[in-house]
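J.: Before anything else, here's the structure in question.
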Amino acid sequence: MKIKALAGFLVLMSAVSVLSSQNPPAGEITVVIGEAQLQRPDGRERPLRMGMSVYQDNIIKTGAESKVEIKGFNGGVIRIAELSTVQIQGPDSQDDRKSGASVIGGKIWANMKAVILSDKSSVAFDTPTATAGIRGTVFRVDVEGDASATDVLVYEGKVVVKPEVIEKKQQGSADPAGERYEVGGPSEIEGPREVSLEEWITIVAGQQIRVEQSGNFSTWQFDAKKDSEDDWVRYNKERDAALEQGE
């Protein structure tokens with residue numbers, strides 16, 4: 001009898017240990033349209049469903065004509081377009097407040113207006129060619145099919161962007177505390193060029209930046225009217241408006 005009781009106690013303690021060691025959730029799936037898969041760090045996959053929690057290093061893959069929405073623990077919202085692959089970035093401890101995503105391929109839309117940043121929190125979005133840090137904003141990220149370039153378009157607020165080759169050269173140096181290059185006004189800058197090792201590029205509402213594998217970038221004022229005719233943009237703006245109204 002005592003042996004059975006001891007065995008049961010050990011099983012219970014093992015379960016508690018597993019639960020306590022699991023990272024806090026990065027967010028919850030609030031919309032699934034079409035088909036999408038969630039891949040865990042061990043490689044196992046399962047169909048994505050509304051109400052599921054997502055964690056650090058989970059990978060979400062969307063099928064054709066599919067969309068996924070994630071509400072983050074920090075109040076931010078990320079939407080993933082069809083035929084996209086996105087790795088979730090979230091807290092790896094109870095005290096950690098980092099969030100964001102790595103866009104391996106495809107498109108995302110991020111509404112971070114509800115996020116309140118502090119000294120202990122950070123929100124960043126990585127792609128094969130660039131890193132984008134948010135400043136209470138609404139923006140989108142498009143990664144070329146061959147991962148050769150990234151486009152970031154800002155709809156509200158501003159985003160700071162750094163080419164990925166610069167990030168790697170810095171070998172873990174401080175986040176956007178360095179000198180930044182402010183992009184003023186709607187005019188196009190002087191074509192693609194290399195940025196300095198300390199340089200973050202600030203993109204404001206109505207502007208777009210394209211970052212190539214080489215680290216070269218260019219930025220310009222995108223055509224808002226033409227952009228609004230895009231199905232992905234229209235869907236996200238309608239969804240953002242619905243969320244603001246509490247729907």
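J.: Over what distance in Å are the Cα centres of the range 31-73 and the range 124-145 separated?
T.: First find each Cα centre; the distance between them is then 19 Å.
J.: State the extension gain, in nm to one decimal, for the chain segment bounded by D231 and M50, taking 0.36 nm per residue of separation less the distance between their alpha-carbons. Don't skip to the end; give the middle numbers.
T.: Numbers: separation 181, 0.36 × 181 = 65.16 nm, distance 2.26 nm.
Stretched fully, the D231-M50 segment lengthens by 62.9 nm.
J.: Given 0.36 nm per residue, what is the gain on full extension from I33 to F73 after removing their alpha carbon distance, in nm?
T.: Details: separation 40, 0.36 × 40 = 14.40 nm, distance 2.15 nm.
In short, 12.3 nm is gained.
J.: Continuing with the same structure: Output the pairs from K67/K237; K61/K225; K113/K162 with a Cα-Cα distance over 26 Å in this structure; if there are none, say none. Don't jump to the answer; show the numbers that get you there.
T.: Numbers: K67/K237 14 Å; K61/K225 30 Å; K113/K162 21 Å.
Too far apart for the 26 Å limit: K61/K225.
J.: Continuing with the same structure: Nearest 0.05, what FRET efficiency do A114 and S218 give at R0 = 35 Å with Cβ-Cβ as r? The partial results should precede the final answer.
T.: Working: r = 31 Å, r/R0 = 0.89.
The calculated FRET efficiency here is 0.65.
All of the numbers you see were taken from the coordinates with simple rules; none came from a lab. Everything numeric in this text was worked out from a predicted model, so none of it was measured. Cβ atoms come from the backbone with ideal geometry, glycine included; neighbour counts cover every protein chain shown.
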